[in-house]
Amino acid sequence: MRYLTLIATVALCIFIFNESVLAASGENTYVFAVSACPPWKTKQLQPHAHDIANACKNDVHVFTSSVKKALNVPSENVFTLVDEQATYQGLKEGLKKLAGTVSEDSRIIMLFNFHGDLSDINQTDKPVQDEVLVLWTQEKPFTMLSALALKQWISASELRVMIDKVLADEIVISVDACHAGEALPDILKKHTRGKGWHGREAVIMSSKADQFSYFDRGGANGLFTLKLSESIASGSSTLQEAFENAAAETSSYIDSDVNQKECSEMLWKTLNIRKRCEQTPFTYDPSELLLSIKLNSAK
């Protein structure tokens with residue numbers, strides 16, 4: 001599950017869609033950002049990160065604000081779902097509304113910012129790990145499997161199917177969540193749009209499959225979402241450069257002596273895990289879409 005340090009664990013998801021070699025016009029660019037901080041989870045984490053109650057609202061705001069400015073996105077092209085809105089049904093309806101709004105030559109930038117965990121699911125007697133994203137529920141579900149069965153939480157493979165309803169020429173998906181890398185095969189490599197879709201897609205992940213994703217000091221923001229948003233807004237020339245800067249700053253933040261000590265102590269106190277805290281954001285971008293997305297924030 002996700003946990004915090006002064007770095008706090010819980011990660012979220014950042015997604016970004018954009019057009020081809022030349023930047024798409026703002027009118028043809030859309031942002032879709034969703035984040036859930038359920039109250040039962042917030043209660044668990046507040047002893048380690050006192051500002052976490054507003055973390056999801058903060059992440060959606062900083063991300064959409066930076067992308068909106070950097071790509072000249074009109075306000076009406078920004079779609080958000082936060083906390084109580086970010087249920088399974090809310091997410092499904094939100095992506096359906098987005099799919100009915102955008103044209104196929106559009107650019108879409110998505111952020112999926114959730115607590116994340118791993119589930120062992122048996123398929124023909126072969127155990128398969130699936131990334132599970134924690135959506136909004138007032139109370140903690142009985143078990144992970146019941147949460148999935150009752151459509152309270154969502155697996156990465158289910159999210160992939162929902163995302164595939166959205167057809168656009170350029171799609172960037174950013175996921176900020178613990179174990180985000182475990183979702184990569186489902187989020188990117190198994191799209192179900194069919195052979196008729198000829199767009200480009202890139203994925204940004206906040207951490208590797210065996211890593212947690214952390215909050216910043218105090219828990220006010222998901223660390224990688226904050227660093228990426230700041231990098232987008234502060235002079236990066238392309239989305240690729242923004243990612244590279246954010247990834248370096250995320251790792252540097254966690255590696256600092258003070259944060260590393262507190263993070264390691266937190267993992268021991270909350271999970272009985274003795275290990276060094278590490279977070280390594282990465283991308284999968286075979287068509288170099290991120291490099292082709294030019295940002296207006298460049299100085």
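If the Cβ limit is 7 Å and pairs must be 6+ apart or interchain, which residue in segment 202-229 that is within 22 Å of Leu71 (Cα to Cα) pairs with which residue that is β-branched (Val, Ile, Thr) and surrounded by fewer than 24 Cβ atoms within 10 Å (Cβ to Cβ)?
Ala202/Thr283; Val203/Thr283; Ile204/Thr283; Leu226/Val62; Ser229/Val62
With the requirement that a residue be open to solvent by less than 30 Å² (accessible area, probe 1.4 Å) and more than 25 Å from Leu223 (Cβ to Cβ), what does segment 100-120 give you?
Across segment 100-120, the qualifying residues are Val102, Ser106, Arg107.
Would you be able to tell me the number of residues in segment 267-285 that are without any contact (Cβ under 8 Å) to a residue 60 or more places away in the chain and either outside any helix (DSSP H, G or I) or open to solvent by less than 10 Å² (accessible area, probe 1.4 Å) (or both)?
Counting residues in segment 267-285 that are without any contact (Cβ under 8 Å) to a residue 60 or more places away in the chain and either outside any helix (DSSP H, G or I) or open to solvent by less than 10 Å² (accessible area, probe 1.4 Å) (or both) gives 5.
I'd like the full set of residues that are part of a strand (DSSP E or B) and more than 19 Å from Ala33 (Cβ to Cβ), limited to segment 164-219.
Correct list: Arg200, Tyr214.
Of the residues Val67, Val82, only one is under 16 Å from the mean Cα position of the chain (by Cα) and open to solvent by less than 10 Å² (accessible area, probe 1.4 Å); which?
Val67
Sort out which residues of segment 286-299 are open to solvent by 80 Å² or more (accessible area, probe 1.4 Å) and either part of a strand (DSSP E or B) or on the phi < 0 side of the Ramachandran plot (or both), and write them in order of number.
Pro286, Leu291, Lys294, Asn296, Lys299
For Glu230, work out the one condition from (1) in contact with a His (Cβ under 9 Å, 6 or more places away or on another chain); (2) surrounded by fewer than 24 Cβ atoms within 10 Å (Cβ to Cβ) it doesn't fulfil.
Going through (1) in contact with a His (Cβ under 9 Å, 6 or more places away or on another chain); (2) surrounded by fewer than 24 Cβ atoms within 10 Å (Cβ to Cβ) one by one, Glu230 breaks only (1).
Conditions (1) open to solvent by 30 Å² or more (accessible area, probe 1.4 Å); (2) modelled with pLDDT under 95; (3) in a strand (DSSP E or B), marked per residue:
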{"position": "Phe17", "(1), (2), (3)": "no, yes, no"}
{"position": "Val21", "(1), (2), (3)": "yes, yes, no"}
{"position": "His50", "(1), (2), (3)": "yes, yes, no"}
{"position": "Ala53", "(1), (2), (3)": "yes, yes, no"}
{"position": "Asp59", "(1), (2), (3)": "no, no, no"}
{"position": "Val73", "(1), (2), (3)": "no, no, no"}
{"position": "Lys92", "(1), (2), (3)": "yes, no, no"}
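So which pairs qualify, if the first residue must be in segment 70-83 and under 23 Å from Glu241 (Cβ atoms), the second must be exposed (fewer than 14 other Cβ atoms within 10 Å of the Cβ) and at pLDDT below 95, the Cβ gap must be under 6 Å, and the two must be at least 6 apart or on different chains?
Listed pairs, sorted by first residue: Ala70/Asn296.
Lys195 is checked against (1) more than 16 Å from Tyr284 (Cβ to Cβ); (2) in contact with an Asp or Glu (Cβ under 8 Å, 6 or more places away or on another chain); (3) among the basic types (Lys, Arg) and fails just one. What number does that condition carry?
That leaves (2) as the condition not met.
If I filter segment 233-266 down to residues being over 19 Å from the mean Cα position of the chain (by Cα) and buried (at least 22 other Cβ atoms within 10 Å of the Cβ), which single residue comes out as modelled with the highest pLDDT?
Ranking the qualifying residues of segment 233-266, first place goes to Ser236.
From Ala147, Ala177, which residue is touching a strand residue (DSSP E or B) at 6+ places or on another chain (Cβ under 7 Å) and open to solvent by less than 10 Å² (accessible area, probe 1.4 Å)?
Ala177
Would you pick out the residues in segment 30-48 that are crowded, with 24+ Cβ neighbours inside 10 Å, polar (S, T, N, Q) and part of a helix (DSSP H, G or I)?
None; the set is empty.
The values are calculated or read from the model by the stated rules, or taken from the named source; none is laboratory data. Remember, it's a predicted structure, so these values are computed and weren't measured experimentally. All Cβ positions, even for glycine, are placed from backbone atoms using ideal geometry, and neighbour counts span all protein chains on display. Quick note on the areas: whole protein, heavy atoms, side chains included, nothing else; ligands and nucleic acids left out. Shrake-Rupley method; radii C 1.70, N 1.55, O 1.52, S 1.80 Å.
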